[in-house]
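See structure below.
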Amino acid sequence: MLERAFAVAWTFAAIARAAARVCFHERGGSIPDIVSRLRSTSHGSACDPRLSLAVLERFLPFLPPYRLGRCVKRSFYLLDLWSRAGLSPSFHLGLRETGEDRRGHAWITTRTREYETYRPPDVLEAFRA
């Protein structure tokens, strides 16, 4: 039980560090630049990728940057966290145009199928492009 509490606390600290990095790189950068910078972080996080995804999902609405859609924000955080964990995450961005309305959705994949984060976009996930 104590090990689990320590793992969650360590993961939350890693997410807080990722928040600082995402906010720093997100200011004034294009999406390809942000993805490149977040993916090129050094390895060394002992966070369990599944646990980091679970903790991130719980706190995502409260984490900065607030102007990004949930799926983009989640993807940026996971790029940083999973790159540090030694995975090779890939960022995907899909856009759909219907008339004058454009909507997008972002997700992360890895070479390991168990860590993919794609979900069909719904009202909460999709963002206006």
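Couple of notes before you dig in:
- Spacing of the two label points (7 Å from each Cα toward its C-beta) at residue 98 and residue 48, in nm: 3.9
- By the Cα gyration tensor, segment 2-128 has an equivalent ellipsoid whose semi-axes, rounded to whole angstrom, run 25, 15, 14 from largest to smallest.
- Each of 24, 91, 76 was scored by other Cβ atoms within 10 Å of its Cβ. Listed from fewest to most, they are 24, 91, 76.
- Which of 43, 25 has the fewest Cβ neighbours within 10 Å, and the rest in rising order: 43, 25
No lab work stands behind these numbers, since they all come straight from the coordinates. What you are looking at is a predicted structure, and each value in this text was computed from that prediction instead of being measured. Methodologically, a virtual Cβ is constructed for each residue, glycine included, from the backbone with ideal geometry; neighbour enumeration extends over all protein chains shown.
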